[in-house]
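The values are calculated or read from the model by the stated rules, or taken from the named source; none is laboratory data. The structure presented is a predicted model; accordingly, all values stated were derived computationally and were not measured. Here the Cβ positions follow ideal geometry from the backbone for every residue, glycine too, while neighbour counts run over all protein chains shown. Calculation scope for accessible area: heavy atoms of the full protein, side chains included, ligands and nucleic acids excluded. Shrake-Rupley method; radii C 1.70, N 1.55, O 1.52, S 1.80 Å.
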Amino acid sequence: MAKRSIQKCSFCGRPSDMSEVMIPSATETNTYICAECADQIHELLRNYRHETSAGIGRKQERDKSTDLNSIPTPREIKEFLDRYVIGQDSAKRYLSVAVYNHYKRLGQPVDDDVDIEKSNIIMVGPTGTGKTLLAKTIARLLDVPFTIVDATVLTQAGYVGEDIESLLTRLLQVADYDVKRAERGIVFIDEIDKIARKGDNPSITRDVSGEGVQQGLLKLLEGSIVNVPPQGGRKHPEQHMIPVDTKNILFICGGAFDGIEKKIAHRMNTHTVGYSTDKKTKRINRENFLEYVAPQDLKSFGLIPEIIGRLPIITHLDPLDRDALRRVLTEPKNAITRQYEKLFRMDGVKLTFDPEALDRIVDTAIEYKLGARGLRGIVEEIMMDPMFEIPKSKTKKFNVSADYVTEKLSNIRVDTINE
């Protein structure tokens with residue numbers, strides 16, 4: 001009986017019993033390549049393509065996809081935001097200019113001697129004032145990959161939680177793993193205030209979910225090539241990584257920064273309550289100290305100076321008063337009442353709201369300090385029974401009156417509605 005010859009890799013000489021699989025040549029007999037060599041070739045090609053895309057190829061792509069004539073102007077961006085977000089004119093103006101300048105930066109020639117830096121943004125405002133909605137709406141207008149990530153789950157590398165690179169994993173997933181498209185996207189980091197260090201002084205112990213995370217974010221915000229695990233989770237040495245250049249990714253950070261008003265008042269030598277005879281402090285709007293927020297206030301709150309320097313644009317969102325909450329219910333293009341009217345219209349039912357009923361909903365949101373986000377929960381509770389009963393009935397019209405709202409709200413605990 002003839003002895004069977006052992007297949008060997010024509011590149012490295014590895015025998016078949018030491019390789020996962022041997023891939024035969026399509027033209028030459030007894031010519032093989034092992035799986036290990038194939039993986040190395042794939043890695044070399046991937047690195048080569050990434051490096052070349054950073055040069056001439058990227059310049060061509062940049063010039064083609066960032067034509068200034070196709071980018072909306074700051075005024076057009078703000079007008080678009082006005083259709084979806086009520087109020088917050090100051091934040092809209094800052095965001096519109098920052099996003100416009102960011103995409104002008106992408107269209108800058110590579111060989112230009114003036115390098116325009118990124119315009120990363122940080123938004124400070126109470127919960128439910130529209131920070132996330134503003135970022136979502138801008139991404140919809142510009143048609144770029146956009147993802148929202150929560151800073152509260154991030155921990156310093158080597159500890160239980162998610163690595164900093166998981167922020168970019170989600171952006172890659174949104175872009176269908178198109179690296180070039182992801183490298184032009186927008187990342188909204190929510191709850192940035194939750195990673196503030198525990199005190200104003202540097203910690204002498206490990207602060208793995210605070211200062212440690214801020215240190216890890218520095219390279220992402222400034223711009224560097226980061227190896228991202230495609231499926232997220234913890235990185236390990238044998239895992240396949242995708243290099244992503246964060247130089248052209250716009251980062252928008254948002255946080256409530258609860259209690260920062262006291263730090264602002266202290267810096268301005270005034271108080272959040274009481275009266276003052278000082279002429280300077282008389283001109284201060286004591287109802288909204290957030291409009292005076294400055295980098296030193298963020299530092300006092302617990303953000304490290306390095307990360308504040310990489311978020312050059314600081315803007316604030318005003319608390320929503322009664323009139324603003326009332327407008328949120330009806331005026332935006334995707335207003336809550338319009339959403340329910342459409343849901344009922346799909347069942348052949350015309351839904352209407354009495355003005356007094358809307359006022360009662362707003363009063364409830366103010367009473368329980370739920371903000372704009374709580375309006376949806378209140379309306380959902382009120383409309384639960386009609387949405388359950390009407391599809392099987394022959395009703396063609398349904399009107400929500402103030403008495404109906406009062407009756408429904410008396411049967412539920414509004415304070416348990418999630419924000």
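Structural remarks
- Qualifying residue in the range 35-52 (condition: farther than 29 Å from D178 by Cβ and either open to solvent by 80 Å² or more (accessible area, probe 1.4 Å) or at pLDDT below 75 (or both)): no
- Given (1) in contact (Cβ under 8 Å) with a residue 12 or more places away in the chain; (2) open to solvent by 60 Å² or more (accessible area, probe 1.4 Å); (3) over 11 Å from F188 (Cβ atoms); (4) not β-branched (V, I, T), number of the condition K136 does not satisfy: (3)
- Enumeration of residues in the range 390-402 that are assigned to a helix (DSSP H, G or I) and either open to solvent by less than 50 Å² (accessible area, probe 1.4 Å) or within 15 Å of R345 (Cβ to Cβ) (or both): I390, P391, A402
- Within the range 298-321, being outside any loop (DSSP other than H, G, I, E, B) and either within 20 Å of the chain's Cα centre (by Cα) or over 22 Å from T132 (Cβ atoms) (or both) holds for L298, K299, S300, P305, E306, I307, I308, G309, I313, I314, T315, H316.
Residue-by-condition table, conditions (1) modelled with pLDDT under 95; (2) hydroxyl-bearing (S, T, Y); (3) surrounded by 19 or more Cβ atoms within 10 Å (Cβ to Cβ); (4) not in a helix (DSSP H, G or I):
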residue	(1), (2), (3), (4)
G348	yes, no, no, yes
A365	yes, no, yes, no
G374	yes, no, yes, no
F388	yes, no, no, no
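- Every residue from the range 244-261 that is over 23 Å from G130 (Cβ atoms) and either free of Cβ contacts under 8 Å to residues at least 40 places away in the same chain or not in a loop (DSSP other than H, G, I, E, B) (or both): V244, D245
- Whenever a residue of the range 171-191 is free of Cβ contacts under 8 Å to residues at least 60 places away in the same chain and under 19 Å from Q231 (Cα atoms), its partners that are outside any loop (DSSP other than H, G, I, E, B) and open to solvent by 70 Å² or more (accessible area, probe 1.4 Å), lying with C-beta atoms within less than 9 angstrom and at least six residues away or across chains, give the pairs A175/R181.
- Some residue of the range 298-312 being under 30 Å from N120 (Cα atoms), open to solvent by 60 Å² or more (accessible area, probe 1.4 Å) and basic (K, R): yes
- When residues of the range 13-34 are limited to those that are without any contact (Cβ under 8 Å) to a residue 24 or more places away in the chain, open to solvent by less than 40 Å² (accessible area, probe 1.4 Å) and touching a helix residue (DSSP H, G or I) at 6+ places or on another chain (Cβ under 9 Å), the one nearest to M241 (Cα to Cα): S19
- Restricting V379, V328, V405 to those that are at pLDDT 90 or above, aliphatic (A, V, I, L, M), touching a Phe, Trp or Tyr at 6+ places or on another chain (Cβ under 7 Å) and not in a strand (DSSP E or B) reduces the list to V379.
- Answer residue from the range 332-346, given it is in a helix (DSSP H, G or I) and closer than 21 Å to Q88 by Cβ and is most open to solvent (accessible area, probe 1.4 Å) among those: R338
- In a residue-by-residue description of the range 55-76, the property of being open to solvent by less than 20 Å² (accessible area, probe 1.4 Å), modelled with pLDDT of 75 or more and under 30 Å from R322 (Cα atoms) applies to no position.
- Test: residue in the range 257-279 that is of a type in the set (A, V, I, L, M, F, W, C), open to solvent by 10 Å² or more (accessible area, probe 1.4 Å) and modelled with pLDDT of 85 or more: no
- So A357, is it closer than 30 Å to F251 by Cα, part of a helix (DSSP H, G or I) and open to solvent by less than 70 Å² (accessible area, probe 1.4 Å): no
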